[in-house]
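Down below is the structure, laid out as structure tokens.
The values are calculated or read from the model by the stated rules, or taken from the named source; none is laboratory data. Predicted model, so just to flag it, every value in this text is computed and none were measured. Cβ placement follows ideal geometry from the backbone for every residue including glycine, while neighbour counts extend to all protein chains displayed. The accessibility values were calculated without ligands, DNA or RNA, using every heavy atom of the protein model including side chains. Shrake-Rupley method; radii C 1.70, N 1.55, O 1.52, S 1.80 Å.
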Amino acid sequence: MMTRLMRAIGRLVIHRPGIVAGLSLCLTLFLYANIHNLRTGTDLTDMFGNHDPQWQAASQIGKELGYGNQLFVLVEAPSGDADKTGEMEEMADRLTTEMTSSGLFKQARCGLEQDELLNIVRFYTWNFPSLTTPEQADALKQRLDPQQIHRNVRQSAAQMMTPFSSMGTDYFVADPLGLMGVVAQNNQGASQFGNFDLTWGSGNHFFSKDHKALLIIAEPRESAVDYKFAEQVVQWTQTHIQSISTAADLQGSGVQATQAGAYVYAYQDHKFIMRNIKLVSLISIIGNLILCLTVYPSIPLLLLSLLPTNLGILWTTGIASFYPGDVNLISLAFIAILAGLGDDQVVHFFNRTPQEWSKGGTFNSALLHTFETTGLSIVLCIVTAASATAALAFSGFKALSEFGFILTIGMFAMMFHTLLTVPALMQLWGRFFKPLVPKAITFRFLPSIAHRIVDFTGRHARLVVIGASTLFFLSLMMLPSIKLGGHFEISGGADNPAVIAQKKLSDRFGIEGSPNLLLIAGDQDEVLHRAEALTASLETYKQQGTIKSIFSPTSLLPSVETQRQRAALFAKTDLTASAHALEASLHESGLQLAPHQEFIDRLQKLAHGGEPVTLETADHYLPAGLLDNSIRKTKDGHYVAAIAYYATVPDTQVIPDQVLASWRNQDGPFADFSFEKINRDMQSRILHDSRRALFWTAAAIMLIVYLSFRNLRVSLLVLMPIVFAIIVAFGLLKLAHHTFSFMSITAIPLIIGIGIDNGIHLVRRYQESKEHRILVVARASGAALIQSNLTTIIGFGALMASTFTPLAELGLVASLGVALALVGGLCLIPAALVLQEVKQSRSTVS
């Protein structure tokens, strides 16, 4: 049936080439017209799949909480002793003003206003019963004792916290008893704003302790996981930094500004991947173009050979613009791979047609016979290769599934052009320029190489089989010692501007990189209660030294139960008497009572039991970015809280999975999130998906091969080069002390799907030949096998130039596997059949 179908397709192309070429042209123009709608997926969350719980957590942290969605700008003074405080403040003030008015940022600040500082004071002093820890209670009770009120009033100004000491009377009005110094002592909740020297310079700016840097903290409107938005933010900021630096009053000051944080990482990561994709695509395209220029003897033949590649990439891009509508930064590698696979099948068509024509008859009869024989082999090869890519398309890891889906589209697009467009154009060309009967095979020097290899195999068939078997079994013995490692991480190296900027940020201001997060959702008090329990559990690891620091929303906003327990510490403290004592002390000191009336009224209200502090209460006092990035009300009315902790040794798993599981059983559900954990989860996911793809690819190809040949022995012969290639590839890499990553497994389905082509073409042609002499068939097909495999090796080999480790690993294993599949197809199959022919001839003689 398949033979009749191929004959029908061949007749259609031969008799109606204009219709076929016209249809191809119309479809090409239609798809090309829609390419502009193809988007590059820029949301990192979406790239890993919207249903992945870790990336749902990442999305929620970024979009709901805004956690980590901060752009930092370090304004630094030039080296030397000259005081550049004024210039630094001027640059920072101008840039924050422009950020605020740009529409790109929710907020931007380079310091705290005095009202904001006073509100922080009021938050602590007006809610001290709920915020005072047991360790602070005695000191606070002493300050509230009526006998000590007079002394407290006199000494409070001298005992102010450093960031607030310049506020004088205003601070005294907000905290006449000096409660702030006790309640906020060692409180990590204010550390985001307390790690600066707010008294240096003027305006309470965020200066570093050495006064050589001033920090701007900005929160853009969209999440940092959106690469495109991150690029817009970073480029906008850089443009305005340059504009401000060249202003007349700042030009020549030497003050510089450097961006840091998540947006800079996202921007640099995007550039890093795009640079790699462009590099490998360029290498693949140029490498294959040079190879084709070297191999093909005429320009028309060269152009026709490149047609399936170019149109295949164009069609794939056009179809992808309809569905899925976007490509991610990994699946863009399809260009480099399709550039290598583009002429894999058309070379067999070009190789077979002149060989059939040279036997006699017309060009059309030769073309039709090629359709019936090699055309069917091409269909089988495309289907087997597409089985591998389609298996990847069902991966749970979206970047990998999209990669497999787009490659599958590309496979069938190239089959269309190989079997329809190219032969139709050959027919149309023949109408204007009468083709000449060929005197030689299509390629320049590949036939002689193929002949030498085949001749050597024919003379030393037993040696080839023994050598291959020895190499195979030695490699097989090495497989148990192979261990998979590596990281799915994007790294531009130590010279990455984002890494350099982050180091500056850490050195100057103590702001570290990516934290580990525990994400809790629920009602407000439920979230806070569970956050307290988890924070207490984390404190154990901090005491052991494995955790450097912990930041919990409960350091500023305890749960209602904790607030009541703390308020109970003051049950026997007469706050009404304290209020009267304060009033009397102020009167005795000759101070006006009216400015302090609010504080006195608050003390009297607290005496009758104050309301618990809520997030809404705290938001009234605290500046944006202090509490609302660790607990926030979501759109559906629930609350989300994030506990952040930093490992003493970065990029290590501090809390074992079994411990986290026990915490969930004890304290309720939560999501644990970190980029290190995502790296481990992605490795596990890709490894699982690759193994599943390997199973389905192997099963599908074995079934296709068996149904094609209807003979178990022949099917095993066709599959033999693939098994040899995979085992020996891993054995050779292990012998070379290669460090394997999880992407090594991803390469295996591709090796199977693509490498099987050699066996299919060779064995089918062997069965079609009347003489059944494998060496004759191998000499005739060898050049096409070499050419098709070389282009594929160049396509995958180009990935090795990538500095994105998973992509380079995929390229290394796949290109080596395809090369060994060529060895298996051109040497191992002929050697095995030669030995079989010798055995049969001896049996016949005897």
Determine ³J(HN,Hα), in whole Hz, for all residues of the range 729-742 in sequence, where each value follows from phi through the Karplus function 6.51 cos²θ - 1.76 cosθ + 1.60 and θ = phi - 60°; x replaces Gly and Pro.
4, 5, x, 5, 5, 5, 5, 8, 6, 6, 8, 7, 10, 4
Whether the range 528-675 is rounded, prolate or oblate, judged on the alpha carbon gyration tensor where a/c under 1.5 counts as rounded:
prolate
Report, in listed order, any pair from Lys106/Lys548; Lys228/Lys483; Lys84/Lys278; Lys633/Lys677 with a Cα-Cα distance greater than 32 Å.
Lys228/Lys483; Lys84/Lys278
At 1.4 Å probe size, with the rest of the protein present, what percent of the exposed accessible area of the range 691-753 is carbon and sulfur atoms?
71 percent
With every protein chain kept in the model, how would you rank Lys271, Lys84, Lys209 by accessible area, 1.4 Å probe, largest at the top?
Lys209, Lys271, Lys84
Which of rounded, prolate or oblate describes the chain when judged by the alpha-carbon gyration tensor and an a/c cut-off of 1.5?
prolate
Using θ = phi - 60° and Karplus 6.51 cos²θ - 1.76 cosθ + 1.60, couplings along the range 293-299 (whole Hz; Gly, Pro as x)
4, 6, 8, 7, x, 9, 5
Any chance you could look up the accessible area of Thr470 with a 1.4 Å probe, heavy atoms only, rounded to 10 Å²?
70 Å²
Based on the Cα coordinates of the range 702-819, what is the per residue volume of their convex hull in Å³?
105 Å³
For a quick protection proxy, order the peptides 504-517, 342-355 by their average other-Cβ count within 10 Å, most packed first.
342-355, 504-517
Result for the range 739-846: accessible area per residue, probe 1.4 angstrom, in square angstrom, of 31 Å²
In the range 279-405, carbon and sulfur make up what percent of the accessible area (probe 1.4 Å)?
76 percent
Relative packing of 807-815, 525-533, which averages over residues the other C-beta atoms within 10 Å, highest first
807-815, 525-533
Of Arg109, Arg564, which has the most accessible area with a 1.4 Å probe, and how do the rest follow in descending order?
Arg564, Arg109
Quote the accessible area belonging to Leu707 in square angstrom, nearest 10, computed with a 1.4 Å probe and with ligands, DNA and RNA left uncounted.
80 Å²
By how many nm would the segment from Asp83 to Ser769 lengthen if fully extended, with 0.36 nm per residue of separation less the alpha-carbon distance?
238.0 nm
Full-stretch length increase - Gln836, Trp200 - with 0.36 nm per residue and alpha-carbon distance subtracted
220.0 nm
List the relative contact order of the range 676-768 as a percent without decimals, with contacts defined as Cα pairs under 8 Å and 6+ residues apart.
45 percent
Among Gln666, Tyr639, Pro612, whose Cα projects farthest towards the positive end of the dipole of the range 596-703, with charges put on the beta-carbon of Lys, Arg (+1) and Asp, Glu (-1)?
Gln666
Working from Cα positions, state the angle (0 to 90°, nearest 10) between the long axis of helix 575-588 and the longest principal axis of the chain.
60 degrees
Give me log10 I(q)/I(0) at q = 0.16 Å⁻¹ for the range 550-636, Debye formula, one equal scatterer per alpha-carbon, no solvent.
-0.81
Mind running the shape call on the range 668-765? Use the C-alpha gyration tensor, a ≥ b ≥ c as the square roots of the eigenvalues: rounded below 1.5 for a/c, prolate if a/b tops b/c, oblate otherwise.
oblate
Anchor Lys572: lysines whose Cα lies under 28 Å away (excluding residues fewer than 8 positions away in-chain):
Lys141, Lys605
Using only alpha carbon pairs under 8 Å that are at least six residues apart, calculate the relative contact order of the chain and give it in whole percent.
21 percent
